[in-house]
1. Distance from the Cα centre of the stretch B:158-184 to that of the stretch B:63-142, in angstrom?
2. Would you mind working out the magnitude of the charge dipole of the protein assembly as shown relative to its Cα centre, with +1 at each Lys and Arg C-beta and -1 at each Asp and Glu C-beta, to the nearest 20 Debye?
3. Label points 7 Å out from Cα along the Cβ direction at B:Val123 and B:Lys569: separation in nm?
4. Once you've got the Cα coordinates, tell me which of A:Lys354/B:Lys194; B:Lys147/B:Lys223; A:Lys354/B:Lys203; B:Lys223/B:Lys569; B:Lys237/B:Lys568 are over 30 Å apart.
5. Let me confirm one metric for peptide A:366-376, namely the mean number of other chain beta-carbon atoms within 10 Å of its residues' beta-carbons.
6. Report the Cα-based extents of the stretch A:269-358 along its three principal axes, largest first, to the nearest Å.
7. Which percent, nearest 5, of DSSP beta bridges in the stretch A:114-262 are antiparallel?
8. Can you pull the semi-axes for chain A, root of five times each eigenvalue of the Cα gyration tensor, sorted largest first, whole Å?
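Bear in mind that the values in this text are calculations on the coordinates, not laboratory data. Please read all numbers here as calculations on a predicted model, not as lab measurements. Using ideal geometry, Cβ is built from the backbone for each residue, glycine included, and neighbour counts are taken over all protein chains shown.
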Amino acid sequence: MFKEYLTISSVSGPLVVVEKTENVKYAELVEVEFSDGAIRRGRVLEVSEDKALVQMFEATLGLDVVGAKVRFLGRTQELAVSPDLLGRVFDGAGRPRDGGPQIIAAKRMDINGAPINPSVRDYPSEFIQTGISTIDGMNPLVRGQKLPIFSASGLPHARLTAQIARQAKVLGKEEQFAVVFGAMGITFEEADFFMRDFQHTGAIERSVLFINLANEPAIERISTPRLSLTCAEYLAFDLDMHVLVILIDMTFYCESLREISAARKEIPGRRGYPGYLYTDLATLYERAGRIKNKKGSITLLPVLTMPEDDKTHPIPDLTGYITEGQIILSRELQRKGIYPPVDVLPSLSRLKDKGIGHDKTREDHIDVLNQLFACYARGKEARELAVILGEAALSDLDKLYLKFADIFEDKFVRQEESQERSIIQTLEMGWELLRLIPREELKRIRPEYLERYYAK
Amino acid sequence: MKPSKIIKVSGPLVVAEGCAGAKMYDMVRVSEQKLIGEIIELKKDLAFIQVYEETAGIGPGEPVYLTQEPLSVELGPGLIGSIYDGIQRPLEVIRSVVGDFISRGIEMPALDLKKKWHIRPQVKSGARVVAGDILGVVSETPLIEHKIMVPPEMAGEIVEINEGEFSIREVFARIRTEEGIKEITLSQRWPVRKPRRVKEKSKPDELLSTGQRVIDTFFPVAKGGSACIPGPFGSGKTVVLHEFAKWADAQVIVYVACGERGNEVADLLLSFPELKDPRSGRPLLERTIIIANTSNMPVAAREASIYTGVTIAEYFRDMGYSVALMADSTSRWAEALREMSGRLEEMPGEEGYPAYLSSRVAEFYERAGKVVCLGSDTRTGALSIMGAVSPPGGDLSDPVVQATLRVVKVFWGLDEKLASARHFPAINWLISYSLYHENLEDFLKNNISADFIDLRKEAMRLLEEEASLLEIARLIGIESLSLEDRLVLEVAKSIREDFLHQNAFHEIDTHTSLLKQFYMLKIILEFYHLARERIKTEEDFEKIIKLPIREKISRMRYIPEDRLEEFKKIEEELKNSLAEYV
């Protein structure tokens, strides 16, 4: 039924050139049948009158120029969706990996999605309690937000992400909740950690997992986040669920993108990454959000490891420009033995303002948050000063701030992996810390809240 | 002649043959789906087309339709309060037709064709008119009187003009010109890449007040000026631009969200109908137009969005309004240029950006200005442009930042350190500058007070002194500084924390009028002057910096605009409490 081409003229990494093509469309899905009968898929990356450049989604291992057949399928890559997706595990290209059957499609969705019309977006404003003080208190997460975790090798981002997935809830509501987990290039051990955690807590029942391990073809990673997000869109906007999407690790995804760009001999941007990395990442991250008159939502937690802990590396840099804040993990806190090692000063949640306060968390939340930031920043400055001049040279006030910073890290930041703190507990801890500082120093807090909470 | 057809597709770039007769920057329709595109390069009969929509499913052999018209916007009543994508398609109408996700090949008039507007003619038949003359007025919103002007390059005698209800494409007047009788409707079209004509440009000499203390007092922008705000992510560019859009003292605001976040647009759409213009008390949406081409929308339309925005802004400027345009972020626009340039296989300049980057940036910012509009009434209008720049890693040597700094007159440099200490707006006072101070001196003298200029200079001097004193203190300890120097540190800290720091999310602090800014700065510096005279001993110093009046100073920001007389009381109290130390 489809015309078969035996005219592959070159294969280079993930790129295949097919000659003498007719009526091929841009971005069309392609099936390549290897001479051993294996079928691999790809998409049209560029098409001219009699030639098509195909990017394979799967490994080109074993592909030969003479015997392979190419079919153009006339449609883009799709994901078969149905409510049966929940509880299933797939590989990075969407094939079942748990031994279960193929999904019988209730609907087929283009994995590239379509942009949400900005005028129908509903502004995220529902506070999600993660039970982690550094997030809830300092960088609150809201439903429909995209908040990445900037980590680095050797830091416990997996544990933190699992803890968030386990504890996240919206206060006072019982709603349909699901987790979509997209893993790109992580190790077996990491994947196993998540699987066990999901099984242990029963979360697996309401989860969909797409897993591409470190030893699996790198080019399949291009599809993995798109499959995950398409699945999430179906669960959120067709089945009215609140979906938390975890994408780990975006650094490997970007490296695969770079590999394809290099194979195409494109002019590289910074550090060899393609110039369109920003646009490409945006088409993924921007799929998170809420839509007016739809019940469900997509909250996105991408995890990436910063090469050399460098925040200005293109991957964290461009991610930060697209996402609504970032949670940054710090090696310094990790060395002090503090879990979770969230570095609150450079971390940020841009959507906090409409998600917290009266009726949502507590009226004083925003002021407490700002004041804790300011005091901790001052405390860290004092700490630096003490290193140069010795603690004795500090003014009395600076000594207080230094003490504040130490206690802040030890009590407020530090928390057990199984410990779930309510937002009220977190705020109370914040006030306890603020009472170390003289009242007239607390300029970021409105007088009426000082009146109400400081003296207690 | 050969019919035009596609021979190659590569992402948003489509190459078509058989396009002889097409002109550069003409609009075309690609394939049967009629996707909108624009010609960006011609080689014999080959046309290189950037397509403003997703090109998946398009292939060689499909037709291309030439329109012989450059990419244009439709200008007329109904613009205000709208939200458009990068090529002026109305997003709210699209939503009602195709649903929550944007699909392709949608062609829709930018303005409501059915809606009737009441036009009140301002001239009579028989009158002679020239380009830019106001023919009639439509009350578009309670804030904006939409003036229907004689289209550029037209002059003649009015044959007919009617009062009454017209839709935007109905003829309400006829003008006899040298080329015959021309019909006039409420709307006109204008190509986006061509600046609209003005009679002449003049020197920007009025302050565009934004309600942001660090900007209005220290680094002001004039009406008709241009400014840029570069900074790394998380330093608060967007919040600052949103604050401008809310509080800037302009009559019309055009906000271009160019390749940025969808939720930020949602935020504007949610808050603007509710927020009130501080001068008129009307909802801010009644003076605002939003162009939203978010980062996940097609990249070529992102390139066009800046031009669409600035053309609409110029149109309102031509009516004699003061217009402010915010572009967030010009880096995303430059990246769209780079992407198209790469696909055209052009030789790259710095960082892969095309060699013409800086000339494009300069052309864009040059469309700002205070002008005498076309028309015989010599009305003036102003277009101020403020652009955010998002350099990688916050590095100011980025080509887009450098190209921008060469043309803009105001630079607000955002500082990551300030942002992580939650000092907002995180504008670093030591690196930022404004070249409008001299232009604005007369304006400040006439509208606020001649003292304002001296106060600003003194405050700036204290801040600079603070920076060098802190270096010394870091080396030898703060105790070794003289009392006078320590007072400077105290006062500079007060300027930073009580004046420069401003909370965008506090209902009163979010906007400070110029007059209130003047009072605030005056009191802070008055404290400095009085204290300096009175500090003789270490004991005095400790007491004076702990006086209760200082807490009042730190809370001045929360004094509502309608109770500015409280500043008199604070001044009084300040004098009294320091009088004891004489």
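1. 17
2. On the way: 135 positive and 157 negative charges, 334 e Å.
So the dipole magnitude of the protein assembly as shown works out to roughly 1600 debye.
3. 5.7
4. Those over the limit are A:Lys354/B:Lys194; A:Lys354/B:Lys203; B:Lys223/B:Lys569; B:Lys237/B:Lys568.
5. Numbers: counts 3, 2, 0, 1, 4, 1, 1, 4, 5, 0, 3.
The shielding value for this peptide is 2.
6. 46, 40, 17
7. 20
8. Values: eigenvalues 434, 111, 67 Å².
The three semi-axes for chain A are 47, 24, 18 Å.
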